[in-house]
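Participant: Mind looking over this structure? Questions follow.
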Amino acid sequence: MKTNRVLKSALLTVMILCSLSSVFAQDAKEIIRKTDAKWNGEKSSQGTMTMTIVRPTWERTIQFKIWTLERNYSMTLITAPAKEKGQAFLKRNAEMWNWMPTISRMIKLPPSMMSNGWMGSDYTNDDILKESSIVVDFTHKIIGSETIDGWDCWKIEMYPNEDAAVVWGKIIKWISKDEYLMMKSEYFDEDEYLVKTEFGTDVKTIDGRKIPSKIEIVPADKDNQKTVVIIDDMKFNVPLKDAFFSQQNMKRLR
């Protein structure tokens, strides 16, 4: 009888731990979902940004506009400098394209290019075109709490699903507990070596929601190198239709 009670107690403990593990996993995914929706809009977004690429011997600045619609559609248009002005990038479902007006050429981007630096920056094509989804393509687990720039944050570990087309082997994100702000992210390769760290700072209210207005990407293995993106303006849940995200429209954007 005593043995049976011990076994039942052990079984109950295992069941409780499994249940708690499931709850925590679900909570982690919900945190990431809310954070992603706040950053990208629940349905759509439209904005202008300024990117500064910093290298040991030079700097250059690029200005661009972005449009996104749910997970399947995104468009990016370079507005400055003059040399790259008019160049556009499109993601439509599983296809990705680059329009280069200086040579009147449309180039289809293969999946192998998603890990390449966008416009020579420390952002990848995947970051800009949002080819992968931090909500859908990863498993999520809360692994601790930490304070980042005065914000009490969840520390969430993310591994890609086996069938996901993802360029990262692991991501760790620090998400503020009260505003769902993405304060810090670490990106690792398939061997779990740190590739780059992303910092979100200068929190402002933009279009009615608090978000970091300055994003800084710092490579792990390159001294005196970084990419800084400033959000100049952003509108969320704007009326966009999938027909907007077309190759024809890429050539007409201003």
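We did not get these values from a lab; they are worked out from the coordinates using the rules stated. If you're wondering where the values come from, they're calculated on a predicted model, not measured in any experiment. Using ideal geometry, Cβ is built from the backbone for each residue, glycine included, and neighbour counts are taken over all protein chains shown.
Participant: Among bridges DSSP assigns within the chain, what percent are antiparallel (round to 5)? Mind showing how you got there, number by number?
Facilitator: On the way: 85 of 85 bridges.
Here the share of antiparallel DSSP bridges comes out near 100 percent.
Participant: Going by amide H atoms built from the backbone, whose H comes under 5 Å of the H on ALA220, apart from near neighbours?
Facilitator: LYS196, THR197
Participant: So how do ASP137, ASP178, ASP207 line up by other beta-carbon neighbours within 10 Å, fewest first? Spell out each step's value before the answer.
Facilitator: On the way: ASP137 18, ASP178 9, ASP207 15.
Least crowded to most crowded, the residues run ASP178, ASP207, ASP137.
Participant: For the range 36-252, give the magnitude of the charge dipole about the Cα centre (Cβ charges: +1 Lys/Arg, -1 Asp/Glu; no others), in debye to the nearest 20. Each step should come with its number before you reach the end.
Facilitator: Values: 30 positive and 33 negative charges, 234 e Å.
Using Cβ point charges on Lys, Arg, Asp and Glu, the range 36-252 gives about 1120 debye.
Participant: So how do VAL167, VAL135, VAL229 line up by other beta-carbon neighbours within 10 Å, fewest first? Could the numbers behind the result be given before it?
Facilitator: On the way: VAL167 20, VAL135 17, VAL229 23.
Ranked by crowding around the Cβ, least crowded first: VAL135, VAL167, VAL229.
Participant: Sticking with this one: Testing the spin-label approximation: label points 7 Å from Cα along Cα→Cβ at LYS222 and ARG55. State their distance in nm.
Facilitator: For LYS222 paired with ARG55, the spin-label model returns 0.8 nm.
Participant: Also, I was wondering about something else. Taking a threshold of 24 Å on the Cα-Cα distance, which of the pairs LYS65/LYS214; LYS108/LYS184; LYS130/LYS226; LYS184/LYS210; LYS91/LYS177; LYS170/LYS210 fall above it?
Facilitator: LYS108/LYS184; LYS91/LYS177; LYS170/LYS210
Participant: Could you give the distance between the Cα centres of the range 129-165 and the range 229-254, to the whole Å?
Facilitator: Here the two parts' Cα centres lie 26 Å apart.
Participant: Let me ask something else about it. In percent, how large is the relative contact order of the range 24-85, given Cα pairs closer than 8 Å and 6 or more residues apart? Please list the in-between numbers first.
Facilitator: Values: 74 pairs, mean separation 14.8, N = 62.
It rounds to 24 percent for the range 24-85.
Participant: Taking other Cβ within 10 Å of each residue's Cβ, how do ILE148, ILE103, ILE211 sort, fewest first?
Facilitator: On the way: ILE148 17, ILE103 6, ILE211 22.
The fewest-first ordering by Cβ neighbours comes to ILE103, ILE148, ILE211.
Participant: Let me ask you something else. As I understand it, the dipole of the chain uses +1 on the Cβ of Lys and Arg and -1 on the Cβ of Asp and Glu, about the Cα centre. Which of SER44, TRP154, PHE244 lies farthest toward its positive end?
Facilitator: PHE244
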